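Comments concern the structure below.
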Amino acid sequence: MTRVIMHGCNGKMGRFITDLIKEEEDVSIVAGVDTYDGVANDYPVFASIEDCDVEADVVIDFSNAKAVDGLLDCCIKRNLPVVLCSTGLSEEQLENVKKAGEKVAVLKSANMSLGINMLLDILPQIVQLLAPAGFDVEIVEKHHNQKLDAPSGTALALADSMNEAMENSYEYVYDRSQERKKREKKEMGISAVRGGSIVGEHEIIFAGADEVIEIKHTAYSRRLFGKGAVEAAKFLAGKPAGMYDMRDVIAAKNQAQ
Ligand SMILES: NC(=O)c1ccc[n+]([C@@H]2O[C@H](COP(=O)([O-])OP(=O)(O)OC[C@H]3O[C@@H](n4cnc5c(N)ncnc54)[C@H](O)[C@@H]3O)[C@@H](O)[C@H]2O)c1
């Protein structure tokens with residue numbers, strides 16, 4: 001049985017995962033952590049991770065960027081593997097995540113879905129073919145009106161996967177309103193749309209002369225993120241220190257089948 005601490009248990013994703021895990025036989029939530037206490041849970045809930053003294057095998061985090069530093073410190077202290085799903089982390093925080101990975105197992109993923117993680121694998125190959133042929137690359141992402149960070153962590157991960165394949169030659173452009181000049185080849189525009197209850201859309205646009213190729217991923221439900229996080233938690237429990245990602249979870253699953 002994998003024992004989980006749900007960090008951010010009273011948020012949208014935390015509540016979703018709480019319901020999801022009720023259907024699972026080999027994993028259970030033994031405690032939750034949330035600064036908001038207006039939800040009735042059938043496990044104990046603590047106001048901060050430092051206060052949580054319940055024994056567990058792994059933490060699933062869907063809280064917010066501000067909560068991540070304290071969470072990492074605590075996971076290192078308690079040698080607790082952590083599935084880190086909160087987005088909007090600063091450069092400094094990303095460095096801290098890497099350092100934490102030297103001491104404890106950390107699985108960080110801006111997007112827990114299978115489809116997005118497959119895109120992260122194939123986009124490097126596509127951009128290496130299309131960019132030299134003159135195609136401009138732009139990303140448009142859409143999310144619900146409650147999302148705090150922009151652009152999404154997923155849009156940045158998709159951009160990074162292509163930028164790394166092109167020897168980091170791209171410059172990300174988030175706003176073109178302040179300058180009147182033509183787009184340069186080395187630019188990669190990343191635009192964010194916010195509205196309604198959109199779960200998550202990511203569109204990668206390769207625009208060439210007289211032709212456009214678009215690759216689009218649409219998340220229709222939070223269910224896929226929740227399921228991915230639970231699979232990741234089962235995978236990470238008991239793992240040695242190191243940085244892991246969803247591709248490791250998918251590979252381990254494929255190997256087991
Ligand atoms: N990686 C993914 O696949 C993925 C998918 C969806 C959302 N996210 C990210 O996960 C995070 C949470 O998303 P959400 O939609 O559930 O948001 P939400 O705002 O509904 O929930 C966040 C919860 O965290 C709690 N919280 C805030 N500060 C805290 C702290 N210091 N300690 C403990 N709990 C704290 C809030 O009270 C809230 O209940 C966001 O950063 C979002 O972008 C990632």
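The values are calculated or read from the model by the stated rules, or taken from the named source; none is laboratory data. Not measured: the values here are computed from a predicted model. Every residue, glycine among them, receives a Cβ derived from its backbone with ideal geometry; neighbour counts consider all protein chains shown. Protein only, heavy atoms only, side chains kept; ligands, DNA and RNA dropped before computing areas. Shrake-Rupley method; radii C 1.70, N 1.55, O 1.52, S 1.80 Å.
Points to keep in mind about this one:
- Across every direction, the projection of the convex hull enclosing the Cα atoms of the stretch 70-157 has a mean area of 7.4 nm².
- Largest-first ordering by accessible area, 1.4 Å probe, given options 172, 43: 172, 43
- Under 23 Å from residue 227, Cα to Cα: lysines that are on another chain or at least 8 residues apart: 12, 22, 108, 142, 147, 216, 239, 253
- The relative contact order of the stretch 1-51 comes to 37 percent, based on Cα pairs under 8 Å that sit 6 or more residues apart.
- Cα long-axis angle, helix 12-22 against the chain (0 to 90 degrees, to the nearest 10): 50 degrees
- Helix 91-100 vs. the chain, principal-axis angle (Cα, 0 to 90°, nearest 10): 50 degrees
- Ranking 244, 220 by solvent-accessible area of protein heavy atoms (1.4 Å probe, all protein chains present), from largest to smallest, gives 220, 244.
- Orientation-averaged projection of the chain equals 15.2 nm² [convex hull of Cα atoms, one quarter of hull surface area].
- Under-5 Å amide H pairs with residue 173, H placed in peptide plane, nonlocal only: 188, 189, 190
- Nearest 10 degrees, 0 to 90: helix 246-256 Cα axis against the chain principal axis: 70 degrees
- Averaged over residues, the count of other Cβ atoms within 10 Å places the peptides 227-233, 251-257, 95-101, 159-165 in the sequence 227-233, 159-165, 95-101, 251-257, highest first.
- The HN-Hα couplings worked out from phi for the stretch 230-237 by the Karplus form 6.51 cos²θ - 1.76 cosθ + 1.60 (θ = phi - 60°) are 5, 4, 5, 5, 4, 5, 7, 4 Hz, whole numbers, x standing for Gly and Pro.
- Relative contact order (%) - the chain, alpha-carbon pairs under 8 angstrom, separation at least six: 22 percent
- Computed from backbone phi, the HN-Hα couplings of the stretch 64-69 come to 8, 3, 4, 7, 6, 4 Hz, rounded to whole numbers (Karplus: 6.51 cos²θ - 1.76 cosθ + 1.60, θ = phi - 60°; Gly and Pro given as x).
- Under 5 Å, built H, 5+ apart or other chain: amide partners of residue 200: 219
- Long-range HN-HN contacts of residue 29 with modeled amide H, under 5 Å: 4
- Contour minus Cα-Cα distance for residue 42 and residue 150 (0.36 nm per residue): 35.5 nm
- Once the chain from residue 171 to residue 65 is taken as fully extended at 0.36 nm per residue, the excess over their C-alpha distance is 35.8 nm.
- ³J(HN,Hα), Karplus 6.51/-1.76/1.60, whole Hz, each residue of the stretch 122-134, x for Gly, Pro: 8, 4, x, 5, 5, 5, 5, 8, 7, 4, x, 7, x
- Among residues other than residue 214 with Cβ under 14 Å from its Cβ, the summed charge is -4 (Lys and Arg +1, Asp and Glu -1).
- Convex hull volume per residue for the stretch 211-255, taking Cα atoms only, in Å³: 118 Å³
- Sequence ranges 53-62, 177-186, ranked by mean other-Cβ count within 10 angstrom, highest first: 53-62, 177-186
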